1. Taking the stated definitions as given, is residue 270 touching a Ser or Thr at 6+ places or on another chain (Cβ under 7 Å) and among the aliphatic types (A, V, I, L, M)?
2. So which residues in region 280-314 are touching a residue at least 40 places away in the same chain (Cβ under 8 Å), polar (S, T, N, Q) and either surrounded by fewer than 16 Cβ atoms within 10 Å (Cβ to Cβ) or in a helix (DSSP H, G or I) (or both), if there are any at all?
3. With the condition kept exactly as written, say whether any residue in region 22-29 is over 27 Å from residue 273 (Cβ atoms), touching a residue at least 12 places away in the same chain (Cβ under 8 Å) and of a type in the set (Phe, Trp, Tyr).
4. I'd like to know if region 168-176 contains one or more residues that are in a helix (DSSP H, G or I) and under 23 Å from the mean Cα position of the chain (by Cα).
5. Among the residues of region 183-222, which ones are out of contact with any helix residue (DSSP H, G or I) (no Cβ under 9 Å at 6 or more places or on another chain) and at pLDDT 85 or above?
6. Taking region 425-452 only, how many residues are aliphatic (A, V, I, L, M) and within 15 Å of residue 70 (Cβ to Cβ)?
7. Mind telling me which of the residues 45, 54 ends up being under 30 Å from residue 12 (Cα atoms) and of a type outside the set (A, V, I, L, M, F, W, C)?
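The values are calculated or read from the model by the stated rules, or taken from the named source; none is laboratory data. Keep in mind it's a predicted model, so treat the numbers as computed, not measured. Here the Cβ positions follow ideal geometry from the backbone for every residue, glycine too, while neighbour counts run over all protein chains shown.
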Amino acid sequence: MGSGVTQRVAALVIGGGVSGLVCAYALRKAGVDALLLEASDRTGGAIRTERLDGYLLEMGPQSFSGTAQMLQLFDELGIRQQVVQAPSAVPRYVLVNGKLQKVPMSPPAFLSSGFVGFGTKFAVLRDVVGKSAPPEKDESIADFVRRKFSAEMLDRLVGPFVSGVYAGDPEKLSLRSAFPTLHEAEKTKASAIRGMLANAKKKSPDQPRQRPTLFSFAEGTQTFTDALAARLGDRLLQNTVVRKIDSERSGSAAAYQLTIRTGANEQTIVADHIIVATPTAVASTLLQEIDSLIANHLAEIEYASIAVVSLGYRKSEIGDPLNGFGFLIPRSAKVRTLGTVWNTSLFSNRAPAETALLTSFIGGATDPDAAQMPPDELSASVHREIAPILKIRTAPIFSNVTVYPRALPQYNLGHGERLAAIDEARKKHSNLWLIGNYLRGPSIGACVEQSLSVAEEIIQRQKSKLL
């Protein structure tokens, strides 16, 4: 076994998912000597795109909302011209009583549609004119919706939405952690709806309200993470495992000494700052010696498993026109598929001519056993369930399955208190940072925002050292 010489870096980022890549890129752009370590042979984490048999497959996120920060990054990376946008008015559907019903996307549309009954509509109007206060203790999303609106609203709208975003169980997910703006809306305005409307006006007083726009890239979402990795060049080490982290005091400044291994080669790195950008189980193991309290709290965060099932069909064999984003399925429908994205209706160049690509999700917090099924059974199960819904007459001509045993962190009851305890403990370690999709939201945009924020704090600290 070889042993390398010790090198010192200003910042060491551990984990090459989108959070770690963005943070390392921002640090290096500002002149901070940052090194990124990734244990596997690829970067991007759950962001993964592959072209197989003419189909462009997104194995993770199917698209993303384009935040101002992300679009600026795309400009800097020279990939803005490759961005593609989904049709803005594309409808979304939920399966209700065996049929796809269009989700009303505005208050007037909601009140005039047959999507929910009179009782639920009355509860919405009651919230607009009435007053309520959230309970003192952490409240589940399910309890919140039943308290404020109805069990029907939970089943038909909120539950499927929670499945789509978190693959979570609304009975366990914390409202104030998973949807903090909704909790704050009721807290500040004594009405969830009045509070949300006030927030919307605050954000864009002079602009008409726009539906969130979905983006991808001509060659898939991995274009983003590949471009970040390319910018890091030799300051990105793949197939590199952190074996041990020790605290070290160098003069008056605290630092960390890490033992890392690439293949058979082991070396020592001293880092002024370490940024842990791994999933919580890995972060917990890495930090056990540094701070067992942080490590133990990280280990408590649950994840949901997900299987991503991509199926290709001849368009001529699908009875539904597939005019929309796709559909979600309430758990009351008693099927395992959580929902399906109609990829070829959103972006061009996703499938061979005259074929459609449909990506479905199965598993999640409410069905943890699904991800244990063999790939061919997962494909068969999804096809069997979506074929009658979309009037598909024949078997798929293409199939691909990707299973994530730990796909998405669950912002379950107590998550806020857990993160507060982690943050309090982290204050004892002024040069230790945590970033990832378990902190400020699971979306790509939320991960980018948090990573840039941490990078900026480190940049400012490095600048103050030089003054």
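1. The answer is yes for residue 270.
2. Of everything in region 280-314, just one residue is touching a residue at least 40 places away in the same chain (Cβ under 8 Å), polar (S, T, N, Q) and either surrounded by fewer than 16 Cβ atoms within 10 Å (Cβ to Cβ) or in a helix (DSSP H, G or I) (or both), namely 280.
3. no
4. yes
5. Across region 183-222, the qualifying residues are 190, 220, 222.
6. Of the residues in that region, 4 qualify.
7. Only one candidate passes the filter, namely 45.
This table checks each residue for (1) surrounded by fewer than 20 Cβ atoms within 10 Å (Cβ to Cβ); (2) within 15 Å of residue 283 (Cβ to Cβ).
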position: 428; (1), (2): yes, no
position: 433; (1), (2): no, yes
position: 437; (1), (2): no, yes
position: 443; (1), (2): yes, no
position: 448; (1), (2): no, no
